1. I need the shape label for segment 5-93. Rule: rounded when a/c is under 1.5, else prolate if a/b > b/c, else oblate, with a, b, c from the alpha carbon gyration tensor.
2. Determine the shape class of segment 137-189: with a ≥ b ≥ c the square roots of the Cα gyration tensor eigenvalues, call it rounded for a/c under 1.5, and otherwise prolate if a/b is greater than b/c, oblate otherwise.
3. Please list, by residue number, every one of the trypsin sites (Lys or Arg not before Pro) in segment 158-241 that is coil in DSSP and has at most 14 other beta-carbon atoms within 10 Å.
4. Would you kindly state how much longer the chain becomes between Glu127 and Thr96 on full extension, computed as 0.36 nm times their sequence separation minus their alpha carbon distance, in nm to one decimal?
5. Report the local net charge at Val216: Lys and Arg +1, Asp and Glu -1, summed over other residues whose C-beta lies under 11 Å from its C-beta.
6. Please report the antiparallel percentage of DSSP beta bridges with both residues in the chain, rounded to the nearest 5.
7. Choose one answer from Ser137, Ser203, Ser128: the residue with the largest mean-square fluctuation in a GNM of the chain with alpha-carbon springs under 10 Å.
8. Below 8 Å, C-alpha to C-alpha, sequence gap of six or more: please give me the relative contact order for segment 2-235 in percent.
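The values are calculated or read from the model by the stated rules, or taken from the named source; none is laboratory data. None of the values given here were measured: they were computed from a predicted structure. Glycine also receives a Cβ, built like all others from the backbone with ideal geometry; neighbour counts cover every protein chain displayed. For accessibility, only protein heavy atoms count, side chains too; no ligands or nucleic acids. Shrake-Rupley method; radii C 1.70, N 1.55, O 1.52, S 1.80 Å.
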Amino acid sequence: MVAPRNDRSGHRSHAVVEELLSFGAAVHTCARNEAELRSCVERWRGMGYPQVTGSVCDVSSREQREQLMNEVASLFAGKLNILVNNAGTVIVKPTTEYSEEDAGRIWATNFESAFHLSQLSHPLLKESGRGSIVFISSVAGVVAVPYGTPYAATKGAMNQLTKNLACEWAKDNIRANCVAPWLTKTPLADPLLDEQTLAKVRSRTPLGRIAEAEEVSSAVAFLCLPAASYITGQTITIDGGMTINGFFFN
């Protein structure tokens with residue numbers, strides 16, 4: 001299994017890696033920050049998971065994505081069971097204030113990386129005989145939220161990519177699914193979570209709180225397991241009921 005990630009979404013990425021390791025998966029992960037990557041791999045091995053490896057990669061770079069998947073192909077003898085596309089970044093500002101560089105960075109990190117890594121992984125997933133791709137999207141790609149238009153657009157595109165790959169690659173025994181979390185306790189979300197914002201989120205979310213990273217990672221792991229073998233093309237919101245909430249009664 002390979003789990004590309006972005007340094008800023010670390011807590012959720014860590015939870016996904018640890019969840020899959022706990023099920024016995026051999027995991028190869030990546031990050032831009034070499035020191036952080038080494039520290040995480042050492043910690044996981046110290047927890048009793050010698051099957052975890054990692055490599056430095058900025059997934060917004062096409063060349064580095066290709067190098068990453070060459071390493072994965074070598075490491076796993078040309079076969080891959082699971083690809084988790086978890087890399088992501090966000091810049092929060094009014095839509096009219098995004099520069100070309102802002103939009104390009106968000107697109108390259110969030111969508112282009114997931115699309116290209118899926119392309120590169122296809123022969124490895126097909127060779128395994130039972131491949132699974134899980135994308136990490138967002139409720140921002142399902143319903144309108146009052147921030148981050150380019151971010152939301154990349155997540156909406158990811159949701160549609162999930163559907164297309166599920167149909168196109170079913171003949172190759174590859175499933176594609178997506179989890180779309182609401183606000184989760186991660187470094188990426190921390191700048192958004194002042195008390196005023198938290199109060200609004202809680203009032204709009206039937207369960208009255210934001211998600212824990214482990215609540216997202218457990219859904220990712222389920223979609224990778226044989227128990228989910230008949231599930232493909234789905235975007236599952238992990239949102240405490242936020243996206244289906246109409247008039248909310250306290």
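1. oblate
2. prolate
3. Numbers: sites: Lys163, Lys171, Arg175, Lys185, Lys200, Arg202, Arg204, Arg209; in loops: Lys185, Arg209.
Listed in order of number, the matching sites are Arg209.
4. Contour length minus Cα-Cα distance gives 6.6 nm.
5. On the way: positive: Arg12, Lys185; negative: Glu19, Glu212, Glu214, Glu215, Asp239.
After counting each charged neighbour, the total is -3.
6. Details: 0 of 23 bridges.
Taking every DSSP beta bridge within the chain, about 0 percent pair in antiparallel fashion.
7. Ser203
8. Working: 401 pairs, mean separation 50.6, N = 234.
RCO, segment 2-235: 22 percent.
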